[in-house]
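Structure record follows, encoded as structure tokens.
The values are calculated or read from the model by the stated rules, or taken from the named source; none is laboratory data. Remember, it's a predicted structure, so these values are computed and weren't measured experimentally. Here Cβ is always computed from backbone atoms with ideal geometry, including for glycine, and neighbour counts include all displayed protein chains.
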Amino acid sequence: MKANNGLEVVDFNLLICPACGGSALQVDEAQVVCSGCGKAYRKEPGKVFFTEEYFDVDNWEGKSSEFDLFKRESFVPKRPDKIGGPRIKDLRSMLKVTGVALNLGGGADSYEGFTNIDLGRYPNVHIVSSLQNIPYKDASVDLVVSNSVLEHIYDYKSVIEEIYRVLKPGGYLYLSVPNLCMRHHEYDYHRWTMPGLVELLGEFELVDHGFCRGVAYSIDTLMEALIVHKTQPGFFRESLRRIWSFVGRPFYWIDGDNSPEYAAMSQTIYAIVRKQEE
Ligand SMILES: [Zn+2]
């Protein structure tokens, strides 16, 4: 399968067996077999399974609905699209990346020119795999994106080590993480401040950092969650939610900035880093 830019969506020459690390893989229509250890990995149209421990999409999405915020009745507030920093779809051209780009844990998100790797069996995912054992060769990837994923992985440091391993020297990582964001899933373990994020990426060279979702998102979602938490389902709750979605709207008009103070109040923050040339 080829993407619009002519690159294979999955270049099997770059893959390794996650069980033994071997790179001699035999690929056919139905499976990928490791010549080193003999392990066979199942294929489906457009997908290869490097683990059978994946989750089904409904199972994962269903776990968010255990939180009251998501028990919406009729009204789903339309939040303004005021995202700070670069957009993922623009990263390839912005960073002048022409080679392999991976989107790790993006779920249903899909961007042109990216190979999607996820532990979930989403329709658009090309490689079903743990992010703690990425089936790519050392120094084989030019760009890695991970957008609000790390908080769902308890041992997130192992993911950063894997990203460092698969990136080429000079390759880039775009990482966004929650800073001041309510818990939003059964498996939601971590938050980072900007200094914590920069320290986590200390092996890399820092290229850019800032907020993705600013203060308005923090205030808006927390207030809505509090309304839902402290009221019964019904007319009163739904009226309050509508009133809040109107009253809270002006917070979105406040422009974000790149100060440490603004980052400290933001819902999600990001950093772009580069693996140093040897
Ligand atoms: Zn193997």
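Applying a threshold of 7 Å to beta carbon distances and a minimum spacing of six or more residues, or different chains, the list of pairs starting in segment 27-54 at a residue that is of a type in the set (Val, Ile, Thr) and ending at one that is assigned to a loop (DSSP other than H, G, I, E, B) reads 48/10; 51/129; 51/130.
Hey, among the residues in segment 29-61 that are outside any strand (DSSP E or B) and within 16 Å of the ligand (Cβ to nearest atom), which one's surrounded by the fewest Cβ atoms within 10 Å (Cβ to Cβ)?
Within segment 29-61, the first condition is being outside any strand (DSSP E or B), and the residues that meet it are 29-30, 35-39, 45-46, 50-54, 56-61.
Then keep just the ones that are within 16 Å of the ligand (Cβ to nearest atom); that gives 35-39, 50-52.
Details: 35: 13, 36: 15, 37: 12, 38: 11, 39: 16, 50: 23, 51: 15, 52: 8.
Looking at residues that are outside any strand (DSSP E or B) and within 16 Å of the ligand (Cβ to nearest atom), I get 52.
In the list 87, 72, 42, which residue meets the criterion of being at pLDDT 95 or above and within 30 Å of residue 244 (Cα to Cα)?
On the way: 72 fails: at pLDDT 95 or above; 42 fails: within 30 Å of residue 244 (Cα to Cα).
The conditions single out 87.
Just give me the residues in segment 141-163 being in a strand (DSSP E or B) and among the polar types (S, T, N, Q), in sequence order. Before the answer, list the steps.
Of segment 141-163, the ones in a strand (DSSP E or B) are 141-147.
Once the filter is applied, which keeps residues that are in a strand (DSSP E or B) and among the polar types (S, T, N, Q), segment 141-163 yields 146, 147.
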